[in-house]
């Protein structure tokens, strides 16, 4: 299969984004503009499937050189088994969100909505696939700028404007800090290519770290890791940089909320995985190990705080979208804990839990978005009995709630089991913290579950039904359930999909050498 498939995956959405205003000017039709958006997401989904197959048919990571320039000068896009799963999940979820939006978004700003959605799509895929830490900065900016605009989509209201400006200010501050980390990286390593950085950190390619042997190498590496972690915690809404997330969700349309919590927060986690694990994971130079271990412990500790605080704040919310937003704060805390462990078991938990959270959280926002439309309220108590009165979004909400709660046999159970095992092997105290946070979060999930299912309806349905939005929401809910159950009960399926992904990156040096050989 051609390596050009890898280069096309993040390129097609941005091409669609640039063409959207032209399509609008020619057609002046909302359905035509959305058909254009759906077409480009479907093309990207098809390419992601081809890339996923290509990655799984190969024992080595696949690379595409932008413009034919070799690294470390050129920008490399890489697709391995792990990033193949993440890219496919992203494409699937965003395709569902775009189809859902056809009926849901009817305001005059729909051309910009489609443009920005495709921009976010391209940015997230770029973050997942890039093997250049500066290009990672560029793709974070593409994702961020598009997301800020989507949060402010209801521009005639004060709330979205204030929330969007807050999100933009915090996000810009985070990427500016990351730019500082890049300056230190280039000064220390003389390179910005992920493969080059990793091999040098592990003692290969000669003693080419500028400060090696001067006593400042550990300080420089500590600064790189700490600043990068702070940036990525902002992007993922991890405590204490979570404060933009709960305000952004009520302000944004529900499909944008699904995008933010289901996909955009993943950019911080993926960025942390690339910097922390792919560069500094495994047996690195002895002089760098103490700084690496100290920062990784800080990341696990911060993730634990995020999980506990997010779980506690879930339980005091009356706005359903704010409650789900704090659930994201809790879950991104789990994901950061799994990455901070710096072990293959932790990366397995990170990969599986990220995929499950993306599917379930986007489903929950899409389904509750329909319930909000039908009841005219975001108050949790006003959604009482919605499972009976609005069966399709009600079923999707229940499936996603039970998945996020970790109730077997749905996929959230296996995700929390993997996370618990990884944390217990690292430090049993953090495994206990994770169980406590899960128990507290379960109270909030079950409160919403019982209100939706068992309480009597209190409000009449207003407006029309959104049949296409309902169908797309139910489809992703059922897909999540079926795949999750297969993964739980079929060891062969789980091993083929996830264990092979982890085995490929478990030995970081071997992985990078395979990547280097694929570029020759």
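The values are calculated or read from the model by the stated rules, or taken from the named source; none is laboratory data. Here the structure is a predicted model, which is why all the values come from computation and not from measurement. Cβ: placed from backbone, ideal geometry, glycine included. Neighbour counts: every protein chain shown.
Residues that are surrounded by fewer than 16 Cβ atoms within 10 Å (Cβ to Cβ), touching a residue at least 12 places away in the same chain (Cβ under 8 Å) and assigned to a helix (DSSP H, G or I): does region 25-34 have at least one? Scanning region 25-34 turns up at least one residue that is surrounded by fewer than 16 Cβ atoms within 10 Å (Cβ to Cβ), touching a residue at least 12 places away in the same chain (Cβ under 8 Å) and assigned to a helix (DSSP H, G or I).
Output the helices (runs of 4 or more DSSP H) that fall wholly within region 237-293 and possess 2 or more residues being within 17 Å of residue 339 (Cα to Cα) and under 16 Å from the mean Cα position of the chain (by Cα), or say none.
Details: elements: 244-251, 254-259, 266-272.
Counting at least 2 such residues, we get 266-272.
With respect to residue 322, determine if the residue is closer than 23 Å to residue 377 by Cα and in a helix (DSSP H, G or I). Quick ask: steps written out before the conclusion?
Numbers: closer than 23 Å to residue 377 by Cα: yes; in a helix (DSSP H, G or I): yes.
For residue 322, the condition - closer than 23 Å to residue 377 by Cα and in a helix (DSSP H, G or I) - is met.
From the list 118, 94, the lone residue that is under 17 Å from residue 30 (Cα atoms) and under 19 Å from the mean Cα position of the chain (by Cα) is 118. Scanning region 83-104 turns up no residue that is surrounded by fewer than 22 Cβ atoms within 10 Å (Cβ to Cβ), in contact (Cβ under 8 Å) with a residue 40 or more places away in the chain and touching a strand residue (DSSP E or B) at 6+ places or on another chain (Cβ under 7 Å).
Could you say which residue among 188, 127, 162 is crowded, with 20+ Cβ neighbours inside 10 Å, in a helix (DSSP H, G or I) and touching a residue at least 60 places away in the same chain (Cβ under 8 Å)? Can you show your working first?
Numbers: 188 fails: touching a residue at least 60 places away in the same chain (Cβ under 8 Å); 162 fails: crowded, with 20+ Cβ neighbours inside 10 Å.
So the residue among 188, 127, 162 that is crowded, with 20+ Cβ neighbours inside 10 Å, in a helix (DSSP H, G or I) and touching a residue at least 60 places away in the same chain (Cβ under 8 Å) is 127.
In region 3-12, what residues are surrounded by 15 or more Cβ atoms within 10 Å (Cβ to Cβ) and either more than 21 Å from the chain's Cα centre (by Cα) or modelled with pLDDT of 95 or more (or both)? Those that are surrounded by 15 or more Cβ atoms within 10 Å (Cβ to Cβ) and either more than 21 Å from the chain's Cα centre (by Cα) or modelled with pLDDT of 95 or more (or both): 3, 5. Of the residues in region 477-491, not one is in a helix (DSSP H, G or I), touching a helix residue (DSSP H, G or I) at 6+ places or on another chain (Cβ under 9 Å) and closer than 18 Å to residue 332 by Cβ.
Is at least one residue of region 308-320 buried (at least 24 other Cβ atoms within 10 Å of the Cβ), within 18 Å of the chain's Cα centre (by Cα) and touching a residue at least 60 places away in the same chain (Cβ under 8 Å)? Scanning region 308-320, I find at least one residue that is buried (at least 24 other Cβ atoms within 10 Å of the Cβ), within 18 Å of the chain's Cα centre (by Cα) and touching a residue at least 60 places away in the same chain (Cβ under 8 Å), so the answer is yes.
Contact map, region 276-290: residues that are more than 17 Å from residue 193 (Cβ to Cβ) paired with residues that are surrounded by fewer than 16 Cβ atoms within 10 Å (Cβ to Cβ) and at pLDDT 75 or above, Cβ distance under 8 Å, separation 6+ or inter-chain. Pairs shown: 282/507.
Does residue 453 qualify as being surrounded by 15 or more Cβ atoms within 10 Å (Cβ to Cβ), over 22 Å from the mean Cα position of the chain (by Cα) and more than 21 Å from residue 357 (Cα to Cα)?
On the way: surrounded by 15 or more Cβ atoms within 10 Å (Cβ to Cβ): yes; over 22 Å from the mean Cα position of the chain (by Cα): yes; more than 21 Å from residue 357 (Cα to Cα): yes.
When the stated conditions are applied, residue 453 passes them.
Taken as a whole, the condition of being modelled with pLDDT of 90 or more, surrounded by fewer than 24 Cβ atoms within 10 Å (Cβ to Cβ) and touching a helix residue (DSSP H, G or I) at 6+ places or on another chain (Cβ under 6 Å) does not apply to residue 295. With respect to the conditions (1) within 25 Å of residue 102 (Cα to Cα); (2) under 23 Å from the mean Cα position of the chain (by Cα), residue 502 falls short on a single one, namely (1).
Looking only at region 209-218, decide whether some residue is touching a helix residue (DSSP H, G or I) at 6+ places or on another chain (Cβ under 7 Å) and at pLDDT 90 or above. Full working, then the answer.
Kept after step one, since they are touching a helix residue (DSSP H, G or I) at 6+ places or on another chain (Cβ under 7 Å), are these residues of region 209-218: 209-211, 217-218.
This time we only want the ones that are at pLDDT 90 or above, so: none.
No - not one qualifying residue is present in region 209-218.
Residue 460 passes every criterion in (1) in contact (Cβ under 8 Å) with a residue 60 or more places away in the chain; (2) over 17 Å from residue 328 (Cα atoms) apart from (1).
From the list 436, 476, exactly one residue is under 26 Å from the mean Cα position of the chain (by Cα) and closer than 19 Å to residue 312 by Cα. Which is it? Within the list 436, 476, the selection yields 436. Selection over region 160-199 of residues that are out of contact with any strand residue (DSSP E or B) (no Cβ under 9 Å at 6 or more places or on another chain) and over 18 Å from residue 220 (Cα atoms) gives a count of 16. I need the full set of residues from region 27-60 which are touching a helix residue (DSSP H, G or I) at 6+ places or on another chain (Cβ under 9 Å), closer than 25 Å to residue 110 by Cα and at pLDDT below 90, in order please. Once the filter is applied, which keeps residues that are touching a helix residue (DSSP H, G or I) at 6+ places or on another chain (Cβ under 9 Å), closer than 25 Å to residue 110 by Cα and at pLDDT below 90, region 27-60 yields 27, 29, 30.
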